[in-house]
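The values are calculated or read from the model by the stated rules, or taken from the named source; none is laboratory data. These figures come from a predicted structure and were not determined experimentally. Quick reminder, even Gly has a Cβ in these numbers, built from the backbone with ideal geometry, and neighbours come from all protein chains shown.
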Amino acid sequence: MSNKPEAFDTSIPVLTDVVMPGKAELARTPGFVADAGAPAVEYDADLIAERLRGRFTSFLTGDGRELIEERCRETLREHSIWLVHQITREVALALETEMTEWVREAVEEELARRGIA
């Protein structure tokens, strides 16, 4: 009954609003040399980074936060179950030793009370 989180959106965002001028405009830019085989497109790294920061922030305050909280809850449940099993096992072992001693003492007391010992 585990709620599996949906996969992350791995699609590549369209960067049309951050594309620098095309080949014709860049050819007029001093110091720009176009590679004959490559498309004459450059990207504004600062603008791309800012948009990604915005997306990360939006994700981590919305769906991402819910995903992290659910994984934390599930991990906490699993750890609690493991801890209960460990403590139960240790208490059972300790009681086993104590009960043997308690039974021995009770038998000795009863035998002494009846004068059989």
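At-a-glance table
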| read-out | value |
| --- | --- |
| Candidate set: the stretch 102-117, residues that are surrounded by fewer than 10 Cβ atoms within 10 Å (Cβ to Cβ) and either hydrophobic (A, V, I, L, M, F, W, C) or assigned to a helix (DSSP H, G or I) (or both); chosen: the one modelled with the lowest pLDDT | Ile116 |
| Pair list, Cβ under 7 Å, 6 or more apart: the stretch 53-69 residue in contact (Cβ under 8 Å) with a residue 12 or more places away in the chain, other residue surrounded by 12 or more Cβ atoms within 10 Å (Cβ to Cβ) | Leu67/Pro5 |
